[in-house]
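The structure under discussion appears below in the form of structure tokens.
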Amino acid sequence: MKRLFIIFFCILIVSCEDVINVDLETSKPKLVIDASINWFKGTEGGNQTIKLSLTAPFFDETIPPATGATVIVTDTNNNVFNFTENGSTGIYKNNSFIPEINAVYNLTINYEEEVYTATEILTPVVPIDFVEQKNNGGFSGDEIEIKAFYTDPKGVSNYYLFEFINLSNNSLNIEVYDDEFTEGNQIFAFHADELLKTGDELQIKCSGISERNYNFLNILTQQIDEQSRDPFQTQPASVRGNCINQTNPENYPFGYFRVSETDIFIYTIE
């Protein structure tokens, strides 16, 4: 009899389950600025892209593009680079950009009658010297570990952004470093991934970044979802970059305007 009562009680609990609809408060979409200007070593650096999107409700799976904006970058030499939107994608392109180490660049975006601005310096970077692989890494000893070695210059503070992109599945992992304790030494950026396998091509990007960008990314990477590794998804807390809404400061944007020299190293997993 006791067993029958327990079974009946469990059935009663299951049958009484209700679907609860969570009514989340939605706010006015904010502009998200993904403006990473990269001058890849060995190239002229003329082709550049800036992506504008909007924040969306928490459960939305699509990211709406910010279309119809006017996007302009100017430099120290008064050159003006107009970025033209590709259709209605929120992707704005320019093919005549002129990169110059340590030059100052100013971004101006006019979107829905509000003006957003940002300023950055094109930061140089040293090349990646070589890459080492370890096959028995991680706590369980079954992860592939990658070390990308580079030599930090002496006498100047340096900040680095490393992007590890697995070209086989387009996954991204980012790491940021400074040279506070490694001044003038050969050091390495570290990457471990249990999903890496023999034959995968790993694209390693090393970019020079400013101290402010380092601080921004250092906070941002702590909030990145461990599965998607997407630094431009909706974050649990607001992380403000260097972009300012000059028309309405209360309606601040998300994202960052970065201008970097970048080195690329393609490594095939052994």
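The values are calculated or read from the model by the stated rules, or taken from the named source; none is laboratory data. Note that the coordinates shown come from a computational prediction; the quantities given were computed from them, not determined experimentally. Cβ coordinates were reconstructed from backbone atoms using ideal geometry, including for glycine residues, and neighbour counts include every protein chain displayed.
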(message) Whether any residue in region 141-149 is part of a strand (DSSP E or B), under 28 Å from Gly241 (Cα atoms) and either in contact (Cβ under 8 Å) with a residue 40 or more places away in the chain or not assigned by TED's automatic domain parsing to the domain that holds Cys243 (or both) is what I want to check.
(response) yes
(request) Would you tally the residues in region 194-221 being among the charged types (D, E, K, R) and either farther than 18 Å from Pro124 by Cα or free of Cβ contacts under 8 Å to residues at least 12 places away in the same chain (or both)? (result) 4
(request) Return only the number of the condition from (1) modelled with pLDDT of 95 or more; (2) under 17 Å from Ser207 (Cβ atoms) that Glu132 does not satisfy. (result) (2)
(request) Residues being surrounded by 14 or more Cβ atoms within 10 Å (Cβ to Cβ) and in a loop (DSSP other than H, G, I, E, B): count how many of those fall in region 154-164. (result) 1
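Here is a yes/no grid of residues against (1) within 21 Å of Thr55 (Cβ to Cβ); (2) among the small types (Gly, Ala, Ser); (3) in a loop (DSSP other than H, G, I, E, B); (4) at pLDDT below 95:
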{"residue": "Ser168", "(1), (2), (3), (4)": "no, yes, yes, yes"}
{"residue": "Phe181", "(1), (2), (3), (4)": "no, no, yes, yes"}
{"residue": "Phe188", "(1), (2), (3), (4)": "no, no, no, no"}
{"residue": "Ile219", "(1), (2), (3), (4)": "yes, no, no, yes"}
{"residue": "Ile224", "(1), (2), (3), (4)": "yes, no, yes, yes"}
{"residue": "Gly241", "(1), (2), (3), (4)": "yes, yes, yes, yes"}
{"residue": "Val259", "(1), (2), (3), (4)": "no, no, no, no"}
{"residue": "Thr262", "(1), (2), (3), (4)": "no, no, no, no"}
(message) I need a count of the residues in region 94-120 that are under 17 Å from Arg258 (Cβ atoms) and not in a loop (DSSP other than H, G, I, E, B).
(response) 12
(message) Against the definition (assigned to a strand (DSSP E or B) and closer than 30 Å to Gln246 by Cα), how does Asn78 come out, yes or no?
(response) no
(message) Please go through region 110-129 and give me each residue that is out of contact with any Cys (no Cβ under 8 Å at 6 or more places or on another chain) and under 26 Å from Leu31 (Cα atoms), ordered by number.
(response) Asn110, Tyr111, Glu112, Glu113, Glu114, Val115, Thr119, Glu120, Ile121, Leu122, Thr123
